[in-house]
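The values are calculated or read from the model by the stated rules, or taken from the named source; none is laboratory data. This structure is a prediction, so every number in the text was calculated from the model and none was measured. Methodologically, a virtual Cβ is constructed for each residue, glycine included, from the backbone with ideal geometry; neighbour enumeration extends over all protein chains shown.
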Amino acid sequence: MAYDYQPFDYTPPPGLTSPEPRHKVVIVGAGPIGLAMALELANHQVPSVVVDDNNVVSTGSRAICWSKRSLEIFARLGIADQALKKGVTWKVGRTFHRDREVFNFDLLPEAGHQMPAFVNLQQYYVEEFMVRAALANPLIDLRFCNKVVGLAQAGGARLDIETPDGPYQLEADYLLACDGAGSAVRRIMGLDFDGEFFEERFLIADIEMQADFPAERRFWFEPTFHPGQSALLHKQPDNIYRIDLQLGWDADPETEKRPENVIPRIQKLVGHGDFRLDWVSVYSFQCRRLARFVHDRVIFVGDSAHVVSPFGARGGNGGLQDVDNLGWKLAAVLRSDAPPSLLESYDAERIHACDENIRHSARATRFMTPADGAEHVFRDAVLSLAASVPFARSWVNSGRLSQPCLYPCTGADHPGLPGVSRPGAVAPDAPCGNGWLNAALAGKVTLLAIGQDAPQVAGTDPMQVNTDDFIRARYLGDQARALYLVRPDQVIAARWVTADTAEIEAAVQAIWEGRA
């Protein structure tokens, strides 16, 4: 069943007839990152204007693998239930060498989490859900067919916008560039990426077919149906399957996209021709980023700030983690609850995360497309060993799947508490009363008390939980009690077994100064 691409309504903006008042935030780009940014700011009662030069969701499935952390963010944005209902939930990955399965893995082998490891859902559905949520939110002014053509900064940002009815200007305290890898904002500012471009091409195809392939990630190195190259298969909603086929750098993109060339390749993979092509593209990729994400009053978020290879699902998921990090900080600055220097911690933390994503993506790409000689010999030896020797399986790299990074953090850290909940990590989920712990920690600075009373400390929301098995395993370990200070983005800032008020107050101050 093909997706029904319906255009959203264009409405002439008020700036066409009279100057608009200065806005707090203007967001450029109404893809999943720009829309998520607007929804997250609205959660903090910050209004925004979102402009996009288009009026329809993205063509083709594009980003499809949404990680557990992204689903937790979706819950804050109000679209998790829709994503879970529509999407294909999975957690098992299988890796093959030629026609032999060499190993498989379970991305979420333990119980006690609200969200699954991954949900496969086409990007156009995610955008549709977010657009509907944004249009229903009185704090979000979503403007389609509004194209940014100019930009200046002077204690804020001034944008020149073109519409079907003519030009106008917008002014804002902050401009958030969420306009993707081909960012117009980045181009206007004369900024470019640093990093590595990979000389490799892949065919990406969505096909519609009735099939009994399980909801798993399946990756092949050198399969007999596609000799000498790699292949990837994912199941999506609506009987749509995503297929990625390595082509080699010499492949001509226009030739490879022709149905007469695509269909025979896919027939070899699925074993028949009873399918319909839904979307086809040929892509190459980069692992690159801006030197800085914060440029005075212009802040880059998502693919406008960084791009990685698609293997490991780090593009869309990494962009949502940018939103996760920036939303509460920008809201605090706009409320004058924190100095503008807090935004420098967004720059530092997300560059740290971006470099980790680039490192993982680059390593996966080199393993999948090794150079002739020693690299290729090593790759083939690892694949041969992995089928029978467990230690070699950790060396097989078809894309380390997206997980939130561990931020550098100087907050207090009691060494006897579990590593999974150390400072800098996203607070691990667990059942909590009639709900879930991670969700209860969102949007505020929380002082979480386990096995003891929660002290009253200015600037914190105290919370006390029972010590069931999941809480004990993830937050206590061998200790009888603990205190956790958690940031509004559910990242742990500090933890103690016991602490006095002065210690906790100092840690709270460090959060708002961008030091924790």
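Brief remarks on what is shown
- S61 surrounded by 15 or more Cβ atoms within 10 Å (Cβ to Cβ) and modelled with pLDDT under 95: yes
- Residues considered: R481, R487. Of these, the only one that is modelled with pLDDT of 95 or more, over 32 Å from the mean Cα position of the chain (by Cα) and of a type in the set (K, R) is R481.
- Within the range 11-46, the set of residues being under 28 Å from the mean Cα position of the chain (by Cα) and of a type in the set (S, T, Y) is empty.
- Of the candidates W496, W436, the single residue that is aromatic (F, W, Y), over 27 Å from M37 (Cα atoms) and buried (at least 18 other Cβ atoms within 10 Å of the Cβ) is W496.
Matching residues to (1) under 23 Å from P428 (Cβ atoms); (2) surrounded by fewer than 21 Cβ atoms within 10 Å (Cβ to Cβ); (3) free of Cβ contacts under 8 Å to residues at least 60 places away in the same chain; (4) not assigned by TED's automatic domain parsing to the domain that holds A430:
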{"position": "I79", "(1), (2), (3), (4)": "yes, no, yes, yes"}
{"position": "K91", "(1), (2), (3), (4)": "yes, yes, yes, yes"}
{"position": "T95", "(1), (2), (3), (4)": "no, no, no, yes"}
{"position": "R98", "(1), (2), (3), (4)": "no, yes, no, yes"}
{"position": "P109", "(1), (2), (3), (4)": "yes, yes, yes, yes"}
{"position": "G112", "(1), (2), (3), (4)": "yes, yes, no, yes"}
{"position": "Y125", "(1), (2), (3), (4)": "no, no, no, yes"}
{"position": "M130", "(1), (2), (3), (4)": "no, no, no, yes"}
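- Looking at D274, D296, D278, just one residue is loosely packed, with under 14 Cβ neighbours inside 10 Å and of a type outside the set (A, V, I, L, M), and that residue is D274.
- Segments classed as strands (runs of 3 or more DSSP E), wholly inside the range 408-498, with at least 3 members that are out of contact with any Pro (no Cβ under 8 Å at 6 or more places or on another chain) and in contact (Cβ under 8 Å) with a residue 40 or more places away in the chain: 482-486
- Here V333 clears all of (1) modelled with pLDDT of 95 or more; (2) within 23 Å of the chain's Cα centre (by Cα); (3) of a type in the set (V, I, T) except the condition numbered (2).
- Scan the range 349-378 for residues that are touching a residue at least 60 places away in the same chain (Cβ under 8 Å) and either farther than 21 Å from S284 by Cα or outside any helix (DSSP H, G or I) (or both) and the total you get is 2.
- Within the range 42-56, the set of residues being part of a loop (DSSP other than H, G, I, E, B) and surrounded by fewer than 24 Cβ atoms within 10 Å (Cβ to Cβ) comprises H44, Q45, V46, P47, D53, N54, N55, V56.
- Within the range 281-293, restricting attention to residues that are of a type in the set (A, V, I, L, M, F, W, C) and buried (at least 19 other Cβ atoms within 10 Å of the Cβ), the residue that is modelled with the lowest pLDDT is F285.
- Within the range 384-407, being over 22 Å from R69 (Cα atoms), touching a residue at least 12 places away in the same chain (Cβ under 8 Å) and among the aromatic types (F, W, Y) holds for one residue alone: W395.
- The condition of being of a type in the set (S, T, Y) and either in contact with a Leu (Cβ under 7 Å, 6 or more places away or on another chain) or more than 26 Å from P310 (Cα to Cα) (or both) holds for only one of S48, S58, that being S48.
- Look at (1) out of contact with any His (no Cβ under 6 Å at 6 or more places or on another chain); (2) under 24 Å from A331 (Cβ atoms) and you find that V49 fails only one, number (1).
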